[in-house]
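Right, one structure below, let's go through it.
The values are calculated or read from the model by the stated rules, or taken from the named source; none is laboratory data. In this text the structure is predicted, and so the values were computed from the model without any measurement. Every residue, glycine among them, receives a Cβ derived from its backbone with ideal geometry; neighbour counts consider all protein chains shown.
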Amino acid sequence: MNFLAHLYLAGSPAAPAYLGQLVGQFIADSVPGRQLETYPAAVQAGIRVHRAIDTFTDQHPVVRRSTARLREAGAGKYAGVVSDVFMDHFLACNFAEFSTENLAVFTERVYGALASQQAGFPAAVQQFFPHMVQHNWLLHYAETEGIARALLGLSRRASPGSGMDTATEELRRNYAAYEADFREFFPALQAYAAGL
């Protein structure tokens, strides 16, 4: 899962540990190994949940079906990354089915909550977070153009020939198949995350 799904799965804003969960889910990919122990307990819990969600996602047969399709389309070893971004696209497009909160309201609330904790982010996250907010990545995931920009940005940090810069063409070609994968997988992910 990419940023939107992880932030959505951080739980209810009314929960006492919500802010820590949100931050942990957001920064987890930039916190190596046991370095998580340097963070407050609620943030540590969010990092662990993020990692559990990633493991569940990577091993799920529906996601493996998506990544196999992406590998055939040229995404190679980055098929999992592309699949995660595609899943965020479908969550953004269908956000009203999963939340009582409008996507635009959700993104603004989440940006505000994260900004209040920005000083504690790892350096890499501190560097990209202002760009994320300025360009409203989360809201623009609902547009294929937003997904194309996200994948182009990721391709700049990947090996040459990653296929991520052209993966949106595959999304357009097989849109219904990827959406069907999302609709089959995401409820299972929600149920799993609710039990963590």
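I want to confirm something. Restricting to the stretch 1-17 and keeping residues that are in contact with a Phe, Trp or Tyr (Cβ under 7 Å, 6 or more places away or on another chain) and modelled with pLDDT under 95, which single residue is surrounded by the fewest Cβ atoms within 10 Å (Cβ to Cβ)? The extreme case among them is SER12. Applying a threshold of 7 Å to beta carbon distances and a minimum spacing of six or more residues, or different chains, the list of pairs starting in the stretch 102-113 at a residue that is over 15 Å from TRP137 (Cβ atoms) and modelled with pLDDT under 95 and ending at one that is surrounded by 15 or more Cβ atoms within 10 Å (Cβ to Cβ) and aromatic (Phe, Trp, Tyr) is empty.
Total residues in the stretch 95-114 satisfying the condition of being farther than 15 Å from LEU22 by Cα, among the aliphatic types (A, V, I, L, M) and more than 16 Å from the chain's Cα centre (by Cα): the figure is 3.
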